[in-house]
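The values are calculated or read from the model by the stated rules, or taken from the named source; none is laboratory data. Here the structure is a predicted model, which means the values were calculated and not measured. In this analysis, Cβ positions are derived from the backbone assuming ideal geometry, glycine residues included, and neighbour counts consider all displayed protein chains.
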Amino acid sequence: MVEILPIKSLRDDDGPIFGSSNVALGVLDRAGLPVGKSFVISAPEFHLKTLLEQYDFGNREIFEQSLTLVRKDIENIPIPPALTKEIGKYKFFLVGEVSVNYLEKLWVLLLNLWVDEIKIRLWKDGFYPGITENLDPKIVTVINKLEAGGTAVFEPSLDEVVVEVKLGQVKPKDLKKLDEIVREANKKLFMPQKYEWILDKDIKLVKVLPYTPNPVIAIRQQAGEAISSMRKIASSSLTPRNDDDKRSVVKVFLDLSKILTVERPFDGIYIASEHIFDLNKPRDSFENLVFKLVEVATTYPDVSVLFKLADKSEGMGKMRGALRLLHQDSLLNPMIEAADFARHKRALANIHLVIPFIRGPNELLQIKRELAAKGLARKSSLEIWMEVAVPENISNLEDYLLVGIDGVVINLDEMISHFSGFDLEHEELTFYKKEVSGLLKFMEDALKLLHKSKTPFIVTGSLALYPEVLEFLVEKGVSGVVVERFEAHSAHDLLNQAERKLVLRRTA
């Protein structure tokens, strides 16, 4: 039986059924904070169980083959009378980041969300009798004219509310109001939380999420602590340091594209799939790609794995990167299948995607649509990063940020090649790589924009560890550096030295 309750009516004893986060939203609603007109809806467990029992789900493959039929049957489950009674008079609804009109479309959307949840359970644990039980209840918010939406969280280390706008635009007065609402909501709940909000005539809260510290902000907080400690070091005589003293605020990402064994310390992993996937040996190389992705993400579940989609180049100025992925299914589909298998069938949520070599915001938008259509849409648990490899990306960076990305990977070798007009494949011209002053000046404003928009950026390429480049990047707030295994031992030491120089220069 489907249960539907207004958010405002939820009490503590409803937590086991409707979830503690939804109860928290009800607390805020009753306290007089602006909460969207929302209802929480439980899944039709009996109907789902009855329908699924008609199919043979002895293994995952059969479920995949039958999924189309399952969805078709499930979408025919009639709309519960209780749902029609409570919200049948409304026309526009919001579920998560998806808005729909009419009750019929809303019900189909909810059913498909529950089917997706069942699908994940099947991948993880196989088929079992209670697979349809205790499915997550869904929040449905009634809307009129949705103008904007996003998330907001109070970061204690910054003493300010950090707002992420995922849809539309927000005026300064609305941001100020949102700041006040978040601070007041935290007081009512007695602890910091993350909130989803919408702008529907006025700012309204629509969901409460657990608060987890932002890693980028945590880095800045660590930097502040490091600066304090470095000031003490600067005022005293230098003493021998152990390996722990050589840790840096800037993260070190190990490039495991060509190897599997890793060494500590490292803070993240980077896999450039073009070094693994071979179009001439698609089957074997695909298996190697999936194996590496799953093995690394499973072995190191506490670090981020940045999975760069294959950038197959035919030479400077030829078709490559995102454009080639969009026009060559035999290249894009294996990338999607590998990521889908690792993230969904193996439940490895620490894997995030990097879109390679983009030549315009439209390319980024198109490939994001392709990924979303295959179940790899950008969301809180799946970050989409963009590789910056050509000067155009720097010039139009603001447009890329509007399309929506979670981070930037600056390929410095590619950047210097296109900026200075030489081909990296010609060794006799690589002396131009040392002429970096013009490139650094060119990137300066873009890095300020990334810092202002709270978008993390990391760098890759042999140019990254040049002393002049490294000091410039540390000063501009780089979040991480991608290094080869043989460079990992000295990377933290080099970064630590650059950070110390920055502190000494600022405290002089």
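Quick notes
- Positions within region 443-472 being assigned to a helix (DSSP H, G or I) and either in contact (Cβ under 8 Å) with a residue 40 or more places away in the chain or basic (K, R) (or both), in sequence order: M443, A446, K448, L449, L450, K452, S462, L463, A464, V469
- Region 1-48, residues that are of a type in the set (S, T, Y) and assigned to a strand (DSSP E or B): S38
- Complete set of residues in region 315-339 that are of a type in the set (D, E, K, R) and closer than 16 Å to S273 by Cα: R320, R324, D329, E337
- Counting the residues of region 237-260 that are buried (at least 21 other Cβ atoms within 10 Å of the Cβ) and modelled with pLDDT under 50 gives 0.
- Of all residues in region 341-357 being in a helix (DSSP H, G or I) and over 26 Å from E196 (Cα atoms), the one that is modelled with the lowest pLDDT: K345
- Set side by side, the residues R369, R359 differ, and just one is within 17 Å of Q328 (Cα to Cα) and loosely packed, with under 15 Cβ neighbours inside 10 Å, which is R369.
- Subset tally (residues that are touching a Gly at 6+ places or on another chain (Cβ under 9 Å), part of a helix (DSSP H, G or I) and either free of Cβ contacts under 8 Å to residues at least 12 places away in the same chain or of a type in the set (K, R) (or both)) for region 358-386: 1
- Every condition in (1) at pLDDT 85 or above; (2) surrounded by 14 or more Cβ atoms within 10 Å (Cβ to Cβ) holds for G32 except the one numbered (2).
- Looking only at residues in region 263-310 that are assigned to a strand (DSSP E or B) and either of a type in the set (A, V, I, L, M, F, W, C) or free of Cβ contacts under 8 Å to residues at least 40 places away in the same chain (or both), the one that is surrounded by the fewest Cβ atoms within 10 Å (Cβ to Cβ) is V305.
- Of the residues making up region 324-343, just one is farther than 21 Å from Y300 by Cα and of a type in the set (K, R), namely R324.
- Per the conditions (1) modelled with pLDDT under 85; (2) within 25 Å of S381 (Cβ to Cβ), the sole criterion not satisfied by K194 is (1).
- Among the residues of region 202-214, just one is exposed (fewer than 15 other Cβ atoms within 10 Å of the Cβ) and either modelled with pLDDT under 50 or more than 22 Å from the chain's Cα centre (by Cα) (or both), namely D202.
- Residue in region 324-339 that is modelled with pLDDT of 90 or more, within 15 Å of the chain's Cα centre (by Cα) and under 25 Å from V98 (Cβ atoms) present: yes
- Of all residues in region 180-201 being among the charged types (D, E, K, R), touching a strand residue (DSSP E or B) at 6+ places or on another chain (Cβ under 7 Å) and surrounded by 17 or more Cβ atoms within 10 Å (Cβ to Cβ), the one that is nearest to K37 (Cα to Cα): E196
- The residue of region 400-442 that is modelled with the lowest pLDDT, among those that are in a helix (DSSP H, G or I) and among the polar types (S, T, N, Q), is T430.
- Neighbours by Cβ (under 8 Å, 6+ apart or cross-chain): first from region 165-178, farther than 12 Å from G404 by Cβ; second β-branched (V, I, T): V170/V163; D174/I203; L175/V163; K177/I203; L178/V161; L178/V163; L178/V170; L178/I203
- Just so you know, in region 113-172 the residues that are of a type in the set (S, T, Y), at pLDDT below 85 and over 21 Å from K72 (Cα atoms) include one that is surrounded by the fewest Cβ atoms within 10 Å (Cβ to Cβ), and it is Y128.
- Any hit, region 480-493, residues being more than 18 Å from E387 (Cα to Cα), among the polar types (S, T, N, Q) and either part of a helix (DSSP H, G or I) or touching a helix residue (DSSP H, G or I) at 6+ places or on another chain (Cβ under 9 Å) (or both): yes
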